[in-house]
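Reading through the structure tokens given below for one structure.
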Amino acid sequence: MHVLDGRSPPGNGWYSAFAKDPNRDHIHLMFLWHASKDNLPHSRRNLYYMHMDHSAGKWTSLKNEKLNTPLSFKEANGKAMFFDSKNKYSSIPQHWVTFDGRPIGLNRISEDDDAAIRHLHVWTGETWRTQKVPIDVILKPTKKEWVGFRSREGTVQRFTSKDEGAHWTPGEVILKTDGEHNLNALFAEAHPDAVLVIHDKVDEQRVPGKKRLWVWGAAGFLKHDLIEKN
């Protein structure tokens, strides 16, 4: 099944992130437009959302408007776009669904000085709440608490939120090194002892072909010999 039409306008396309509903047989899709042919500085723009009732095979918007697939750029802008980045950079979103079936997205949006700042997008049930947040990744959100992590100046710190990401409280520092890190929590449901991957961004510059990597979870960091055996 072709879901998104990358041929209208020709030469452009989409970047997408899928999530499964925890309670219904629904598939959730959050995506952005990749405008590769218009010669503007930032080709990745906006954010869009739609979901499919798997049993019926029909895609709809949050307003329950039926969407034709593959979805065209024109119809996406009219029915599915929930964040207009105004031709500024918009990164591929991390995408989750709450316990009661509401979509959540976390991505980077460029500011006027071109600095990319993390933004959290939460469907409240009535509208989208979009705000700047201090975290880089979120574990799968739960009903009582959301857990996120941030990496700054070689320090990886844990944050928590009791109000669905509206406010974040800094917590323990889980790692401190002399380098910068990339964080990945998109596989957080796989195993409780491996919910966050951290890798050093500058190791390859210091020693070509080498990169430090840490795996963190409920039992702390996995030891090197355990990673090798797996």
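Just a few scattered comments:
- Each residue in segment 140-161 was checked for being in contact with a Phe, Trp or Tyr (Cβ under 8 Å, 6 or more places away or on another chain) and either among the aromatic types (Phe, Trp, Tyr) or without any contact (Cβ under 8 Å) to a residue 40 or more places away in the chain (or both), and 9 of them qualify.
Table: residues versus (1) under 28 Å from Ser61 (Cα atoms); (2) of a type in the set (Phe, Trp, Tyr); (3) buried (at least 19 other Cβ atoms within 10 Å of the Cβ).
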| residue | (1), (2), (3) |
| --- | --- |
| Ile109 | yes, no, yes |
| His119 | yes, no, yes |
| Glu126 | yes, no, no |
| Trp146 | yes, yes, yes |
| Val156 | no, no, yes |
| Phe159 | no, yes, yes |
| Asp163 | yes, no, no |
| Thr177 | no, no, no |
| His191 | no, no, no |
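- Residue check, Lys79 over 14 Å from the mean Cα position of the chain (by Cα), at negative phi, at pLDDT 90 or above and buried (at least 17 other Cβ atoms within 10 Å of the Cβ): yes
Conditions (1) out of contact with any strand residue (DSSP E or B) (no Cβ under 7 Å at 6 or more places or on another chain); (2) in contact (Cβ under 8 Å) with a residue 40 or more places away in the chain; (3) farther than 18 Å from Val3 by Cα, marked per residue:
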{"site": "Pro22", "(1), (2), (3)": "no, yes, yes"}
{"site": "His26", "(1), (2), (3)": "no, yes, no"}
{"site": "Lys37", "(1), (2), (3)": "yes, no, yes"}
{"site": "His42", "(1), (2), (3)": "no, yes, yes"}
{"site": "Arg45", "(1), (2), (3)": "no, yes, yes"}
{"site": "Asp53", "(1), (2), (3)": "no, no, no"}
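- Tally of residues being touching a strand residue (DSSP E or B) at 6+ places or on another chain (Cβ under 7 Å), outside any strand (DSSP E or B) and charged (D, E, K, R) across segment 96-113: 2
- Scanning segment 130-146 for residues that are over 18 Å from Gly101 (Cβ atoms) and part of a strand (DSSP E or B) gives Thr130, Gln131, Lys132, Val137.
- Residues satisfying the stated conditions in segment 182-195, i.e. in contact with a Gly (Cβ under 7 Å, 6 or more places away or on another chain) and touching a residue at least 40 places away in the same chain (Cβ under 8 Å): Val195
- Qualifying positions in segment 41-79 - within 11 Å of His26 (Cα to Cα) and among the aromatic types (Phe, Trp, Tyr): Trp59
- Among (1) polar (S, T, N, Q); (2) modelled with pLDDT under 90; (3) touching a Ser or Thr at 6+ places or on another chain (Cβ under 7 Å) - the single one Asn46 does not satisfy: (2)
To keep it simple, each residue is scored yes or no on (1) within 19 Å of the chain's Cα centre (by Cα); (2) assigned to a strand (DSSP E or B).
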position	(1), (2)
Ala19	yes, yes
Ile27	yes, yes
Met30	yes, yes
Arg45	yes, yes
Asn64	no, no
Ile92	yes, no
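- Taking every residue in segment 81-106 that is in the same structural domain as Glu164 (by TED's automatic domain parsing) and in contact (Cβ under 8 Å) with a residue 24 or more places away in the chain and pairing it with any residue that is surrounded by fewer than 21 Cβ atoms within 10 Å (Cβ to Cβ) and assigned to a strand (DSSP E or B), at least 6 positions away or on another chain, yields no pair with a Cβ-Cβ distance below 9 Å.
- One residue stands out among those in segment 155-184 that are outside any loop (DSSP other than H, G, I, E, B) and of a type in the set (Lys, Arg): the one that is farthest from Val195 (Cα to Cα), which is Lys176.
- Leu196 being at pLDDT below 90 and under 18 Å from the mean Cα position of the chain (by Cα): no
The values are calculated or read from the model by the stated rules, or taken from the named source; none is laboratory data. As the structure is a prediction and not an experimental result, all values here were calculated from the model. Don't worry about glycine lacking a Cβ; one is built from the backbone with ideal geometry, like all the others, and counts go over all protein chains shown.
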